[in-house]
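Here's the structure, in structure tokens; my notes come after.
The values are calculated or read from the model by the stated rules, or taken from the named source; none is laboratory data. Source: prediction; values computed, not measured. When we count neighbours, we look across all protein chains shown, and the Cβ atoms used for this are built from the backbone with ideal geometry, even at glycine. When the accessible area is computed, the model is the full protein with side chains, heavy atoms only, and any ligands, DNA or RNA have been set aside. Shrake-Rupley method; radii C 1.70, N 1.55, O 1.52, S 1.80 Å.
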Amino acid sequence: ITALSGKEYTMPRYHNSDLAIFWDDLLQGLGYRNLQVMNPNPFEEMISEYSSILEALAPHRNDCKGGNLNYAWLLTRYMRNKLLCRKKLEEAYVAGDKAALKALADNDILSLADEFGEVMSEFRRQWLAVGKVFGLETMQHRMGGQRERILEASRRINEYVSGVYDKL
């Protein structure tokens, strides 16, 4: 980016990384690839940072004096685990480890979909507590589509492992 924009332009560290992870597709990985432009291996550092945030938020999940910290905890857990799933997916696919891919599809990714369901439920609760019902349907459409793509990743990986497709 700096080479294209000039030396005076610098990209903030992990610029929009949370949005890239939240909305990115596990299989397509466009956001992940963009993060890798800024750091060839962003996974370890970001997973560690999310884990630290989870640890700090855990004792305060039910405390709403400064905002909905349970929502923050659920969202952070989801983002960390989504990064873990993408990391495992890349590693197992490159290594040709179909057993690891099968375990990922049948366990980690299905758990990730359940976690995202919890995020969606808490998002709804928070939205209705502070806003009007209008607009919620738009977010539910987007988030429902995201959850379906997580489930599709599990289905597609299982089809790949069973030989239906020769590529993910």
Cross-chain or 6+ apart pairs with Cβ under 8 Å, the stretch 141-168 first and under 26 Å from residue 99 (Cβ atoms) and in contact (Cβ under 8 Å) with a residue 40 or more places away in the chain, then open to solvent by less than 60 Å² (accessible area, probe 1.4 Å) and of a type in the set (Lys, Arg): 168/156
Only listed residue being touching a helix residue (DSSP H, G or I) at 6+ places or on another chain (Cβ under 7 Å) and either loosely packed, with under 13 Cβ neighbours inside 10 Å or closer than 24 Å to residue 31 by Cα (or both), chosen from 156, 80: 80
Residue match in the stretch 142-151 (condition: assigned to a loop (DSSP other than H, G, I, E, B), on the phi < 0 side of the Ramachandran plot and either surrounded by fewer than 18 Cβ atoms within 10 Å (Cβ to Cβ) or touching a Ser or Thr at 6+ places or on another chain (Cβ under 9 Å) (or both)): no
Options 29, 6, 67: the member that is modelled with pLDDT under 95, closer than 22 Å to residue 167 by Cβ and open to solvent by less than 40 Å² (accessible area, probe 1.4 Å): 29
